[in-house]
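Please treat every number below as a calculation from the coordinates, not as lab data. Being a predicted model, the structure only gives us computed values, none of them experimental. Positions of Cβ are backbone-derived with ideal geometry, glycine not excepted, and every protein chain shown enters the neighbour counts.
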Amino acid sequence: MTSRLSRLSRLSRLSRLLPLLFAFGLAGAACGGYGDGDADQPAATTAPDDAGDTTDTVVTTDNGADVDDTATGDAPGDGDDDIADDTPVIDRTGEVIRVGYVNTEGGAISLPELRVGGEVAIGVINASGGIHGAMIEPVVCLTDGTPEGAINCAVKLIEEDIVLAYMGVELASEAAIHLWLDAGIPYVSSNSWGPTERNSPGAFLLHAAFGAYAVGPAKTFKDLGIDHIGVITQDSPVGLDFLDNIIGPVLEHNGIEMERIVVDSSAPDWTAAIAAAQTAGVEGLMGQLDEFGCIGMVGSAAASGFDKPIFAGSCTVYINLLGPAALGTYTQGDQWIPSIQQFAPPEIAERLEAFREDMTAAGYANMIDGFAVAPYSAWRELEFILETIEGPITAESVIAAFDNAGETPGWFGPNLRCGQAPWPAESSHCTSEIMVWQIQERDDGTVGRVPIGGGFFDAYSYSGL
């Protein structure tokens, strides 16, 4: 009980972040919290007393000192076997590739995992020879989640001779996205942090499109033979817009009737929401909710004896907190993650193990089951994109490399198709593939996620959009 209360206390510090970080899974945010089973769920940290005002600070980080010099595994494209005979030999020894790295941390809301994961990956890339010999040098600017902080970092880093701007997490991206794009600097992240960047030339979001997270539930219920569900969402403009303009049409395309159940965001009555679903005679339940909402929905459903299938959006924290009450529910994500490493294809499992080793060697073993996996994978994918550039590495050549990359390897997930708009309405995203998990009791007795339905699938092909 004490452990559960402690987790809820940590989550309360994330209340402003949850609609972003969890509602659509660190993608419409971001790929949700990653741990399950008996692992503690990571949470945002608060700034130490001596952190000072870091909103306007630009810091050049020295990643090599914190990362084991013996890199684990080869990057895609490394090694003679991967290079065609007619591929020109590129030698960038002595070059430095300066990249901007923006992250929200150091203030009341702080997510260092989304910086640390990228820094560890950059350190591993550099230790293994860099980009054809060139070392990546991140110039870090920390923001506080406000428009002013986002603008200050953009203005500072644009003057720093960087070739791309990477967002670990930028909660106020909408305020600064046009500054980056107008300056001709490619805007890159693992996932989207605002609506404009999802469909902007010069922006590249490596993982699943925002809209893809409406499709996992629709496909799952259709596969189960269910054609009448309740959809519970919190009363917010973003949530209602997504419900009416994405979820509704996707469900209709898949032959599923929807009962719209809206709860008060500030004082939700989950018992009443479950009762409304039962009165409507639904055959399944879907939540488009933040983590607290998923806890309330799944917990109240169990207490009310609701025994129909439940799809808890992209939530994860409820799995630990509710334990057996979470069994049988469904959730989704766009990457293989450490807690389900045993189910991953061998190549991905090896990379996840390397991620564990790299994070441990760098002194961040406590972040392995957290958000760090998203920027780590993104930078290993960026490594491949940068290695395709034959001439000077500039902002212009990075944009061209993304636009002309074709299909490139995904590090912990499906292959990327940057520049091909796999989800047309969100043309900046490089993939539209997601995976559905069911919460089951595993062979080792733990309660956690198990992949179902054959792994990743192209959500757009099921969307009808």
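Some observations on this one:
- Candidate set: segment 346-372, residues that are of a type in the set (Asp, Glu) and surrounded by fewer than 19 Cβ atoms within 10 Å (Cβ to Cβ); chosen: the one farthest from Glu113 (Cα to Cα): Glu347
- Within segment 374-390, the residues that satisfy the criterion of being crowded, with 20+ Cβ neighbours inside 10 Å and either of a type in the set (S, T, N, Q) or closer than 18 Å to Ser110 by Cβ (or both) are Ala374, Pro375, Ser377.
- Of the strands (runs of 3 or more DSSP E) lying entirely inside segment 366-459, those containing at least 1 residues that are acidic (Asp, Glu) and within 18 Å of Ala212 (Cα to Cα) span 433-441, 447-458.
- The single residue among Glu433, Glu441, Glu390 that is under 23 Å from Gly100 (Cα atoms), in contact (Cβ under 8 Å) with a residue 40 or more places away in the chain and not β-branched (Val, Ile, Thr) turns out to be Glu390.
- Among the residues of segment 222-243, those identified as in contact (Cβ under 8 Å) with a residue 24 or more places away in the chain, closer than 18 Å to Cys294 by Cα and either exposed (fewer than 14 other Cβ atoms within 10 Å of the Cβ) or touching a strand residue (DSSP E or B) at 6+ places or on another chain (Cβ under 8 Å) (or both) are Ile229, Gly230, Val231, Ile232, Thr233, Gln234, Asp235, Gly239, Phe242, Leu243.
- One residue from Ser304, Ser300 being surrounded by fewer than 16 Cβ atoms within 10 Å (Cβ to Cβ), in contact with a helix residue (DSSP H, G or I) (Cβ under 6 Å, 6 or more places away or on another chain) and either among the basic types (Lys, Arg) or within 24 Å of Gln438 (Cβ to Cβ) (or both): Ser304
- Every residue from segment 140-157 that is in contact (Cβ under 8 Å) with a residue 60 or more places away in the chain and in a helix (DSSP H, G or I): Glu148, Gly149, Asn152, Cys153, Lys156, Leu157
- Test: Tyr318 is touching a helix residue (DSSP H, G or I) at 6+ places or on another chain (Cβ under 7 Å), under 30 Å from Trp423 (Cβ atoms) and of a type in the set (Ser, Thr, Tyr): yes
- For the criterion of being surrounded by 23 or more Cβ atoms within 10 Å (Cβ to Cβ) and of a type in the set (A, V, I, L, M, F, W, C), Ala165 passes.
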